[in-house]
Amino acid sequence: MPFYAGIDVGSLSSDAVIIDQEGRMLGSAITETGAHSTQAAEKALDLALAQAGLSRGDLAFSVATGYGRVSVPMAQKTITEISCHGLGAHAIFPNTRTVIDIGGQDSKAISLDERGKVVDFVMNDKCAAGTGRFLEVMAGKLGLTLDDLGRLSLAAAGEVSISSVCTVFAESEVVSLVARNHPREQIVRGLHRAIVNRVAAMVGGLGVKEAVTMSGGVAKNAGVVALMAERLGINIQVPPEPQIVGALGAALLARRQAG
Amino acid sequence: MTAQPLAIPSRSHYLTAQKERGRKVLGVFPAQYPREILWAHDIAPMEIWDPPLEPGSAPAHLQPYICAVVRQGLELVLRGGAARLDGLLVPHTCDSLQNLASLLNDYLELPVPVLFFYHPKEPFRDSARAYYRRQLTILDQKLAARFGPRREGALEQAVAWGQRVAELAGRTYDLRARGQLSAPALEFYRVLRAGEFLHPEDHIPLLEEFLAVHQGPAPAGPVVLLSGVLPNPKELLSLLDQQGARVGHDDFLGLSRRLLFPASQAADPFDALCEQYFALPPCSTRGSALSQRLDWLKGLAQASGARGVIFYVVKFCEPELFDVPPLMAGLKEQGLATMSLEVELNQGVSGQIATRVEAFLEMLS
Ligand SMILES: Nc1ncnc2c1ncn2[C@@H]1O[C@H](COP(=O)(O)OP(=O)(O)OP(=O)(O)O)[C@@H](O)[C@H]1O
Ligand SMILES: [Mg+2]
């Protein structure tokens, strides 16, 4: 029985998914990309294989995606994370017509047809404004972990407004808010709002078609998801593990390539 | 299958060679000017679009929102680039270039003359035709006053060269649109853009050789149309080549928008130049109506089988930026995929831009 791997080497996390011929997920892994893309890809792949009880020799085809996709020698083909997140989200929620993927350095909005094929997309360029990296830097400034962020944001009684999504400017804004004793949860909510406004503007340019699915690590942040749903005025679906959606899409494309 | 790149001299060597053979060399800023009149005066135009220079003192003279074409061009002049030239010519393409013209002429005290060329913008009435014809004769007279009268028959010869270049360029575009040109996009634009500094006596044989070497089937991947000012950064072209995509056609200001015109049959060379100017494809810098540009792009897509259009927008090219959003909307309505890339000249392609381009091609295939 042939097996397929998808490996998503993102700017922050490297993720892998193993599927079988029926598209069932047998194993998955999330690791840090760190400074060595190839090593991170190998580690993610081997962890996912171990979970599936398989070894590299069992793989019929592998697809690499993510910004580090060219540094994955084990993969036979590279496909962009845009196609992969689209297909992955569609596999989990077949009603998906819009995917919002917020990762560490990029945020993307993707329109899909009923088969999960990309029909249009938008993506931020260059800087990390409005991405997961931005939240990480701010969490660091506030002495919080990523897991704290969503919880605090949801619990906040009010909100301070953050005027910039530029990481550099927002950082100094946060420092001065902290210095003036603003409640941390209100600052966190303000930061989430800033990201959501930025990404929502991008999604708006594309046109929101329901159902909307969020993928990427930031979808684990319930504070961002709640504000995004509020801002777009729609319900948002979040997969059980949003961070491996790209790797799942890559694995499904690997199966398609081989077939 | 992959033919060797054709030999093209460097600009710098070519400039020296032109001077050695007794030609004058004028540095010319973008975009539209009657090359034939310069050729007729035995002047070789050396166009200044995107010199690969690190930013130096030019930004001090310009507002930060001025485009890189103007910034890089000024940088070249400030670094003494004009010293090897016999003069500069600035066509009235847009406000930023017009501004540059006065900067060069009024403030910088250059060792060489700065000439201007004015051409009419749409709507084209009879008065526009009369105006353009007068501007051609004024330029002709100015060059004669500076560099001496032109030879008998030289203008007729120059017009014939211009028509031959247009015919060859038209053939290469045509073959490419039909998928019968095997040349990678990178080589295509290197050879066509060589006309920015090669005299037609050298560019014509180069184009002929290019046609001879590269007739053959194009890659079978997705077909895209390119629009914008010029194909820079060229890494984008390599990326399209690597991905097996075919550029079906282009709508670049520096290329098809001034290269592709039907040859005029007029006997008088000024009449011919006039007729050819008004027959050029629609262009933002000539004030063409959006509807005209949209129809033109749709036509190019149809002729080449392109299903997607990529706009290369040089930050912050004002005439282009006004047109791009409505053009994209109009093309989308026709079922064409569109994407605009904001680029800096000569700064390569970021990972994000590469991902967007690859994803765009995946979407088309
Ligand atoms: N447990 C968590 N709770 C909240 N947020 C999280 C959690 N884990 C990760 N994140 C967020 O996810 C981001 C990383 O997302 P992801 O792994 O999808 O990025 P990536 O794919 O490496 O980046 P890119 O796609 O931009 O190259 C982090 O910056 C962080 O903000
Ligand atoms: Mg990612």
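The values are calculated or read from the model by the stated rules, or taken from the named source; none is laboratory data. Remember, predicted model here, so these are calculated numbers, not experimental data. We place every Cβ from the backbone using ideal geometry, glycine too, and count neighbours over all the protein chains shown. Just so you know, the surface numbers come from the protein's heavy atoms only, side chains and all, with ligands and any DNA or RNA stripped out. Shrake-Rupley method; radii C 1.70, N 1.55, O 1.52, S 1.80 Å.
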Test result for A:VAL188, more than 19 Å from A:ASN124 (Cα to Cα), open to solvent by 40 Å² or more (accessible area, probe 1.4 Å) and more than 16 Å from ligand 2 (Cβ to nearest atom): no
Leading residue by the ranking (farthest from ligand 2 (Cβ to nearest atom)) among those in segment A:110-120 that are in contact with a strand residue (DSSP E or B) (Cβ under 7 Å, 6 or more places away or on another chain) and within 21 Å of A:ALA251 (Cα to Cα): A:ASP113
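When only residues in segment A:232-253 that are more than 10 Å from ligand 1 (Cβ to nearest atom) and assigned to a helix (DSSP H, G or I) count, which is most open to solvent (accessible area, probe 1.4 Å)?
Per the criteria, the residue is A:LEU232.
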Residues within segment A:203-231 that are assigned to a helix (DSSP H, G or I) and open to solvent by less than 40 Å² (accessible area, probe 1.4 Å), tallied: 11
The lone exception for A:GLU136 - which of (1) more than 26 Å from B:ARG307 (Cα to Cα); (2) away from ligand 2 (no atom under 12 Å from the Cβ); (3) part of a loop (DSSP other than H, G, I, E, B) it fails: (3)
Qualifying residue in segment B:255-268 (condition: closer than 25 Å to B:ASP50 by Cβ, within 14 Å of chain A (Cβ to nearest Cβ) and not basic (Lys, Arg)): no
Listing of strands (runs of 3 or more DSSP E) fully contained in segment A:10-119 that carry 1 or more residues being acidic (Asp, Glu), crowded, with 16+ Cβ neighbours inside 10 Å and within 13 Å of ligand 1 (Cβ to nearest atom): A:13-20, A:98-102
Candidate set from segment A:63-77 (those that are of a type outside the set (A, V, I, L, M, F, W, C) and on the phi < 0 side of the Ramachandran plot); member that is nearest to the other protein chains (Cβ to nearest Cβ): A:TYR67
Residue within segment B:75-82 that is open to solvent by 20 Å² or more (accessible area, probe 1.4 Å) and among the acidic types (Asp, Glu) present: no
Selection from segment B:343-365 of residues that are among the polar types (S, T, N, Q), within 25 Å of the chain's Cα centre (by Cα) and either assigned to a helix (DSSP H, G or I) or more than 7 Å from every other protein chain (Cβ to nearest Cβ) (or both): B:ASN346, B:GLN347
Failed criterion for B:VAL309 (all others in (1) outside any helix (DSSP H, G or I); (2) at pLDDT 95 or above; (3) touching a Gly at 6+ places or on another chain (Cβ under 9 Å); (4) within 14 Å of chain A (Cβ to nearest Cβ) hold): (3)
Residue in segment B:205-219 that is without any contact (Cβ under 8 Å) to a residue 12 or more places away in the chain, surrounded by fewer than 21 Cβ atoms within 10 Å (Cβ to Cβ) and small (Gly, Ala, Ser) present: yes
Subset of segment A:2-11 that is farther than 12 Å from A:ARG255 by Cα and in contact with a strand residue (DSSP E or B) (Cβ under 7 Å, 6 or more places away or on another chain) - its residue that is nearest to ligand 2 (Cβ to nearest atom): A:ASP8
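Determine whether A:ARG256 is away from ligand 1 (no atom under 16 Å from the Cβ), open to solvent by 20 Å² or more (accessible area, probe 1.4 Å) and within 14 Å of another protein chain (Cβ to nearest Cβ). First the steps, then the outcome.
On the way: away from ligand 1 (no atom under 16 Å from the Cβ): yes; open to solvent by 20 Å² or more (accessible area, probe 1.4 Å): yes; within 14 Å of another protein chain (Cβ to nearest Cβ): yes.
In short, yes.
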